[in-house]
1. Taking region 341-376, which residues are in contact (Cβ under 8 Å) with a residue 12 or more places away in the chain, out of contact with any strand residue (DSSP E or B) (no Cβ under 9 Å at 6 or more places or on another chain) and among the aliphatic types (A, V, I, L, M)?
2. When region 111-165 is examined, which residues are found to be of a type in the set (A, V, I, L, M, F, W, C) and farther than 22 Å from residue 58 by Cα?
3. Considering (1) touching a Pro at 6+ places or on another chain (Cβ under 7 Å); (2) in a helix (DSSP H, G or I); (3) modelled with pLDDT of 75 or more, say which one residue 172 fails and leave the rest.
4. Mind listing just one residue for me: the one in region 294-309 that is part of a loop (DSSP other than H, G, I, E, B) and out of contact with any Gly (no Cβ under 6 Å at 6 or more places or on another chain) and, of those, nearest to residue 158 (Cα to Cα)?
5. Filter region 102-125 for residues that are among the polar types (S, T, N, Q) and open to solvent by 40 Å² or more (accessible area, probe 1.4 Å); which is farthest from residue 137 (Cα to Cα)?
6. Identify the single condition in (1) out of contact with any Pro (no Cβ under 6 Å at 6 or more places or on another chain); (2) under 26 Å from residue 263 (Cα atoms) that residue 379 does not satisfy, given that it satisfies every other one.
7. Filter region 232-247 down to residues that are of a type in the set (A, V, I, L, M, F, W, C) and open to solvent by less than 10 Å² (accessible area, probe 1.4 Å) and give me whichever is farthest from the chain's Cα centre (by Cα).
8. Working carefully through the options 317, 282, 291, 329, find the one that is open to solvent by 70 Å² or more (accessible area, probe 1.4 Å) and assigned to a helix (DSSP H, G or I).
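The values are calculated or read from the model by the stated rules, or taken from the named source; none is laboratory data. All figures in this text were calculated on a predicted structure; none of them were measured in a lab. Note that we place each Cβ from the backbone using ideal geometry, even for glycine, and neighbour counts take in every protein chain shown. Accessible surface is based on the protein model in full, side chains and every heavy atom, while ligands, DNA and RNA are left aside. Shrake-Rupley method; radii C 1.70, N 1.55, O 1.52, S 1.80 Å.
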Amino acid sequence: MPLTGRAALLAALGSVPVGIWDPGWTGILAVNGPLAVACACDFTLAAPVRRLVLTRSGDTSARLGETADVTLTVTNPSRRPLRARLRDAWPPSSWQPGTEIEASRHRFTVPPGERRRITTRLRPTRRGDRHADRVTIRSYGPLGLFSRQGAHRVPWTVRVLPPFASRKHLPSKLARLRELDGRTSVLIRGQGTEFDSLRDYVPGDDTRSIDWRATARQTAVAVRTWRPERDRHILLVLDTGRTSAGRVGDAPRLDASMDAALLLAALASRAGDRVDLLAYDRRPRALVQGRTARDVLPSLVSAMATLEPELVETDARGLTATVLRTAPRRSLIVLLTTLGAAPVEEGLLPVLAQLTQRHSVLVASVADPHIAHMATARGNADAVYEAAAAAQAQTERHRTAEQLRHHGVTVVDATPDDLAPALADAYLALKAAGRL
């Protein structure tokens, strides 16, 4: 039963003349007695809060950086009008900093027996599930002197999905894919190609491509054309161990890895390949398998939404065993992890042969652009020392990458903005070379 500021102001104003002319109890009761009666009447006429019926509707998901509108329907079953203020509480990461008060508080009126809809606009700043907290309502009487207050729990969840900023690169990569996959057929059959179609012989074509059986059935000479194989299996492996928690720019390395994985998944599904996802550190954190080309991208986005880096060392042996169980046949294993010397030399390299014997392996890593900037620093002693440290870090990454290439692994090392298109280019190069 909160007392409003209006009642406190009236009590204070009434106490001024009392203090001047009659400071005794009689004067105080003469002024504040009617005010107390008015407050009691105001409280009685305020609509009850506990009997209100609240329901939710609206968006259940939104990409990071976009808005989500959640509608709260307030039904007033009483015979008194509801004059109220409402606070729709959500976690702090549901709004941009400094906008929570304006976005979560609403003033409204509901006549007896009617309902009103109130929309709260969320703009989340982090991935994951955002759960609605309590809805606090303060109901005022007609004089605005006293109020009733109560809280309701109205469950609702908004899943904040990865932003997929690299989708801007998808049209250009699909154009390259169309040139590679059947739109530009080749005459020479090689590893990683399959039969495409027959066409008429043109002077200059390789005579080894002539299909003599088809030629015998028609009047013109026919030649075979080939295209890269489809229906290959790609397993995206996200390392969610402690190294993925390192921040590069304004986001963890894991976010850049997920963005690159989404672009590759979109491209590979358009190419007719099957895409699965495994997130692992010391145990599987997410596993997406057996999705169709239409469902694979939504499934990956939903699975990635709740992924967070775990502050534990990644179990390379456990990861390798899980990959071999998940991909029993020959596949392209895309491992998004770090190129740090210690994690690779002590964790990945001892078990790498188990993967490369059966699969093609591609390792993608997020490079820190600040290190490249430090390497060019000059002008004073501190800048020179920073440049030397950056050069040493770059040398170690290059040496680690060369060790992986020596074992037959394709390595992509790029900054967060360049990792997604670079990984897509590496996939297209492997597909063109027939190494999938």
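1. Selection gives 341, 349, 351, 353, 371, 372, 374, 375.
2. 143, 145, 146, 164, 165
3. Unmet condition: (1).
4. 307
5. So in region 102-125, the residues among the polar types (S, T, N, Q) come out as 104, 109, 119-120, 125.
Still in the running and open to solvent by 40 Å² or more (accessible area, probe 1.4 Å): 109, 119, 125.
On the way: 109: 12, 119: 15, 125: 26 Å.
Among those that are among the polar types (S, T, N, Q) and open to solvent by 40 Å² or more (accessible area, probe 1.4 Å), it is 125.
6. The one condition residue 379 does not meet is (2).
7. Ranking the qualifying residues of region 232-247, first place goes to 234.
8. Sole residue among the options that is open to solvent by 70 Å² or more (accessible area, probe 1.4 Å) and assigned to a helix (DSSP H, G or I): 317.
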